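Encoded as structure tokens, the structure appears first; notes follow it.
The values are calculated or read from the model by the stated rules, or taken from the named source; none is laboratory data. Quick caveat: nothing in here was measured; it's all calculated off a predicted structure. As a convention, Cβ positions derive from the backbone with ideal geometry for all residues, glycine included, and neighbour counts pool all protein chains shown. Areas reflect the complete protein model, heavy atoms only, side chains present, ligands, DNA and RNA absent. Shrake-Rupley method; radii C 1.70, N 1.55, O 1.52, S 1.80 Å.
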Amino acid sequence: SILTLTVKEVWLCAVLSISVVLAFILFYNKIFAVTFDEDFAASSGVNTQLCNLLTAVMSAAVIVLAMKLAGSLLVSALIVFPALSAMRIFKSFRAVIIFSVIISVICAAIGIIISVLAGTPVGSTIVIADILAFGICYIAGKILYSGR
């Protein structure tokens, strides 16, 4: 549970989080190219093996952070739901990434607050907040794209 983290673990989470965000910002164009068309990226001179390794390492760091927060069984929900929510509303890669981060932070904060007030498990409460956010984004996406 996130409420049982030590000060050392909180600092480790902060450093890993900042490292992942900085790596993503620095290598955004290469990650984007490899994600959508690896062959084209390779022919453009991008080291696709290094990019894939960077993506795997960043994913592993996020999973390790999330396991401290919610436990191993809920990690997939914490990773998948924000991205799915963002894809319901936005169509560009950059907007989906930015909104995923924003919705993740908001749902985590709401989940922590509700879990403290209601005495529920933190990880499960955050996932419920993510599911509710997905429902809201799903409806918003339907409204936004219904006329198209």
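Scanning region 56-69 for any residue that is β-branched (Val, Ile, Thr) and either surrounded by 18 or more Cβ atoms within 10 Å (Cβ to Cβ) or farther than 24 Å from Glu9 by Cβ (or both) turns up nothing.
Out of the residues in region 70-83 that are surrounded by 18 or more Cβ atoms within 10 Å (Cβ to Cβ) and not β-branched (Val, Ile, Thr), which is modelled with the lowest pLDDT?
We begin by selecting, within region 70-83, every residue surrounded by 18 or more Cβ atoms within 10 Å (Cβ to Cβ); these are 70, 74-75, 77-78, 81-82.
When the remaining residues are screened for being not β-branched (Val, Ile, Thr), the result is 70, 74, 77-78, 81-82.
Working: Ala70: 64, Leu74: 74, Ala77: 79, Leu78: 79, Phe81: 91, Pro82: 92.
Per the stated criteria, the residue is Ala70.
Show me the helices (runs of 4 or more DSSP H) found entirely inside region 1-104 where at least 1 residues are over 18 Å from the mean Cα position of the chain (by Cα) and among the β-branched types (Val, Ile, Thr).
Details: elements: 7-26, 28-36, 38-43, 48-70, 75-89.
In region 1-104, the matching helices (runs of 4 or more DSSP H) lie at 7-26, 28-36, 48-70.
Just the residues that are of a type outside the set (Gly, Ala, Ser), under 20 Å from Met87 (Cβ atoms) and buried (at least 21 other Cβ atoms within 10 Å of the Cβ), please, taken from region 115-133. Of everything in region 115-133, those that are of a type outside the set (Gly, Ala, Ser), under 20 Å from Met87 (Cβ atoms) and buried (at least 21 other Cβ atoms within 10 Å of the Cβ) turn out to be Ile126, Val127, Asp130.
Would you mind finding the one in Ile131, Ile112, Ile97 that is in contact with a helix residue (DSSP H, G or I) (Cβ under 9 Å, 6 or more places away or on another chain) and free of Cβ contacts under 8 Å to residues at least 60 places away in the same chain?
Working: Ile112 fails: free of Cβ contacts under 8 Å to residues at least 60 places away in the same chain; Ile97 fails: free of Cβ contacts under 8 Å to residues at least 60 places away in the same chain.
Answer to the check: Ile131.
So that you can scan it fast, the table gives a plain yes or no per residue for (1) at pLDDT 85 or above; (2) more than 23 Å from Ala66 (Cα to Cα); (3) open to solvent by 80 Å² or more (accessible area, probe 1.4 Å); (4) not aliphatic (A, V, I, L, M):
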{"site": "Thr4", "(1), (2), (3), (4)": "no, no, yes, yes"}
{"site": "Lys8", "(1), (2), (3), (4)": "no, no, yes, yes"}
{"site": "Ser19", "(1), (2), (3), (4)": "yes, no, no, yes"}
{"site": "Leu26", "(1), (2), (3), (4)": "yes, no, yes, no"}
{"site": "Ser43", "(1), (2), (3), (4)": "yes, yes, yes, yes"}
{"site": "Cys51", "(1), (2), (3), (4)": "yes, no, no, yes"}
